[in-house]
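The values are calculated or read from the model by the stated rules, or taken from the named source; none is laboratory data. The shown structure was predicted, so the numbers you read here are calculated from the model rather than taken from an experiment. Glycine also receives a Cβ, built like all others from the backbone with ideal geometry; neighbour counts cover every protein chain displayed.
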Amino acid sequence: MASEIPMEVLERPDIQALILRAYGNLPHTRYYFLKIEDRDAFKTWLAGVIPQVTNADSPTEPGDGRCALNIAFTRFGLSRLGVTVAPKPHGYDGFGLEFRQGLVHRHRSRFLGDVDENDPRWWEWGGRTGAKSEGRIDCLCLLFGDKQKTPLDATWRDLALPPAAASVVHVQCGYLSRDEGEHFGFRDGISQPTIRFTKRDYETTAPRERALHVVEAGEFILGYENQNSRMPVSPGIVANLDRCNRLMPLTRKSRWGITRQVSGLKDFGRNGTYLVLRQLRQYVGRFEEFVQTQGGSNPELLGARIVGRWKSGAPLTVCPEFDRSAQNPGLRTENSFVYDELDRYGYRCPVGAHIRRGNPRDATSVLDGEAQALKRVNFHRLIRRGRLYGDRAQGHETPREKDAVDRGLMFLCLNADLRRQFEFVQQSWVNNDKFSGLIAEQDPLIGPGGTLTVQRPEGHQRVGGLQRFVTVKGGAYFFMPGIQALYCLAGR
């Protein structure tokens, strides 16, 4: 009997592929930040480029000579192309306050932790002032390729952006490391949500695995139900901008479940998402010197307690004292663990460790059970598509030499609700100094420094002197439209 083929739900040809693919076979990246100079010339260029934008049905197999291209816009870019991001006269707030205000709004900077060394006035791009400021960035073009087979610079030249249409404000290179590690040496990108209606969803059959990782498509793609069984709020545009009638009418549900059309608006957001990009500089020498100095006879263990995993990727909840991944390689990608069942009090993995803050999993099971705890956490999940920048540090270098080189992570995440997802994680988990009952502690890896409490049955240990190991060098909020919405922006 032939296996049943699940019904396709996602409108893949209209979804930019970065949402569903990490492009692991395309390890090199260029981030091109553009400022629109002439709207009509830019629209003409965009119309010619859209067929090359990689959608979720496009092939990007190794060795096929293709680059992947995705495009997103800031609030300024959308406005310059005729899309009003402010609420409509009848009060429909499609883009939301977070996107309208932008990442560098002063109140937002405060609760995101972008103060002191992280203040946007020091940023290299996306800050409040200067030639590379947020107000100068309209569009982000992301190119992914294998530079041995598909040189990215040559591919960008082939896109033939006319200088009269837009200027390139900034270019940043990125890459995936061969060992899948980040600059501090820890395996990265292990824990990712599984989007409903994808191949990984259909392959995930174990009940706990599904509860841990499978998240509704509407948490990441507008136009589909989210974890609340509701349609996420979608941005609308006036009908006359949809010259070729490509978009569906914008509808919304009342509190009684009645679907109503929003008068005169088309659904610009369908199959799109919000993209957060932040350039994070990592001070490798500072981090390594700290764990060597404070870690005593086992600095690797202190580093693992700061992160929540060993460098191999093995989680502390499973390997609390020793990294056993050499004997059991499967531990390097182990992601099915929970906290309440294995480590309720943080005796294995400290309660404030980096990955425990970023995804608390079932930590609140004591309130109303594991199922509800996992459901709560899945309201705030992010799809991460980060890549490294800068050369890897060498073992023979001194801490000072390592920190003299600009290296770090181009943190990129995708979500349908900036406030409930990215900003919640950053404010309520990462920067919360009372997270899970702690006192005056923030994230030990990407926070401002201070103290890490290592919970022990015989008495807690306080590790002081944490420094700022990561600083922010740039960032912005973008909206990544669906393919049909791109054509509307191009006036086609």
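Since LEU161 meets every condition but one in (1) touching a helix residue (DSSP H, G or I) at 6+ places or on another chain (Cβ under 7 Å); (2) assigned to a loop (DSSP other than H, G, I, E, B); (3) more than 27 Å from SER79 (Cα to Cα), which condition does it not meet?
The failed condition is (3).
Taking the stretch 117-132, which residues are under 24 Å from ILE446 (Cβ atoms) and in contact with a strand residue (DSSP E or B) (Cβ under 9 Å, 6 or more places away or on another chain)?
Matches in the stretch 117-132: GLU117, ASN118, ASP119, PRO120, TRP122, TRP123, GLU124, TRP125, GLY126, GLY127, LYS132.
When the stretch 430-455 is examined, which residues are found to be of a type in the set (A, V, I, L, M, F, W, C), crowded, with 17+ Cβ neighbours inside 10 Å and either under 16 Å from ASP114 (Cβ atoms) or without any contact (Cβ under 8 Å) to a residue 60 or more places away in the chain (or both)?
VAL430, ILE446 - these are the residues of the stretch 430-455 that are of a type in the set (A, V, I, L, M, F, W, C), crowded, with 17+ Cβ neighbours inside 10 Å and either under 16 Å from ASP114 (Cβ atoms) or without any contact (Cβ under 8 Å) to a residue 60 or more places away in the chain (or both).
So is ALA485 in the same structural domain as HIS183 (by TED's automatic domain parsing), closer than 30 Å to GLU11 by Cα, modelled with pLDDT of 95 or more and of a type in the set (A, V, I, L, M, F, W, C) or not?
Here the answer is yes, as ALA485 does meet what is asked.
Going through ARG309, ARG361 one at a time, which residue ends up being surrounded by 19 or more Cβ atoms within 10 Å (Cβ to Cβ) and touching a strand residue (DSSP E or B) at 6+ places or on another chain (Cβ under 6 Å)?
Testing whether each residue is surrounded by 19 or more Cβ atoms within 10 Å (Cβ to Cβ) and touching a strand residue (DSSP E or B) at 6+ places or on another chain (Cβ under 6 Å) leaves just ARG309.
In the stretch 365-389, what residues are free of Cβ contacts under 8 Å to residues at least 60 places away in the same chain and under 23 Å from GLY218 (Cβ atoms)?
GLN372, ALA373, ARG376, VAL377, HIS380
Being part of a loop (DSSP other than H, G, I, E, B), buried (at least 16 other Cβ atoms within 10 Å of the Cβ) and among the aliphatic types (A, V, I, L, M): is that true of LEU142 here?
Answer is no for this residue.
Looking at (1) touching a residue at least 24 places away in the same chain (Cβ under 8 Å); (2) in a loop (DSSP other than H, G, I, E, B), which is the one condition that is false for GLN327?
Tallying (1) touching a residue at least 24 places away in the same chain (Cβ under 8 Å); (2) in a loop (DSSP other than H, G, I, E, B), GLN327 fails exactly one: (1).
Can you report the number of residues in the stretch 459-485 which are more than 17 Å from GLY449 (Cβ to Cβ) and under 17 Å from the mean Cα position of the chain (by Cα)?
So the count comes out to 9.
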